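Take a look at the structure below.
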Amino acid sequence: MAVQTKLRRIGTWKANGSMKLDDLRQWHHLYGACRCGHIGYIKHDQLAKKYGGETTLSDLKPKLRCKRNPEHETLNFAAAQEKR
């Protein structure tokens with residue numbers, strides 16, 4: 001199954017690179033998608049503590065690696081809201 005299809009099933013929308021970590025609230029879920037098809041949950045609150053809330057997703061892209069294939073960088077970010 002393609003990565004985009006998996007993300008749509010989760011109910012996500014593509015997060016653009018200019019989005020800051022402070023823009024994400026506690027009810028948002030951030031996901032990183034790799035070219036190998038692996039989709040991982042990213043704890044954005046911990047990243048905000050480590051790198052600061054003004055850090056954009058494009059700033060984080062080179063720092064994040066796929067857990068399944070560590071030589072791969074994260075290609076896409078997607079965000080979703082918690083179900084109410």
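Tabulated results
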item: Under 20 Å from K20, Cα to Cα: aspartates and glutamates that are on another chain or at least 8 residues apart; result: D45, E54, D59, E73, E82
item: Share of pairwise Cα separations in the range 21-74, more than 14 Å, in percent; result: 51 percent
item: Ordering of 28-40, 49-61 by burial proxy (mean other Cβ atoms within 10 Å per residue, highest first); result: 28-40, 49-61
item: Two-site label geometry, H38 and Q26: point separation in nm, points 7 Å out along Cα→Cβ; result: 3.0 nm
item: Rounded to whole Hz, the Karplus (6.51, -1.76, 1.60) HN-Hα couplings of the range 61-72, x for glycine and proline; result: 3, x, 8, 9, 10, 6, 6, 7, 10, x, 7, 8
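Only the coordinates and a few stated rules stand behind these numbers; no lab work does. This one's a predicted model, so the numbers in the text were calculated from it and none came from an experiment. A quick note on method: Cβ atoms are made from the backbone with ideal geometry, for glycine too, and the neighbour counts reach across all protein chains shown.
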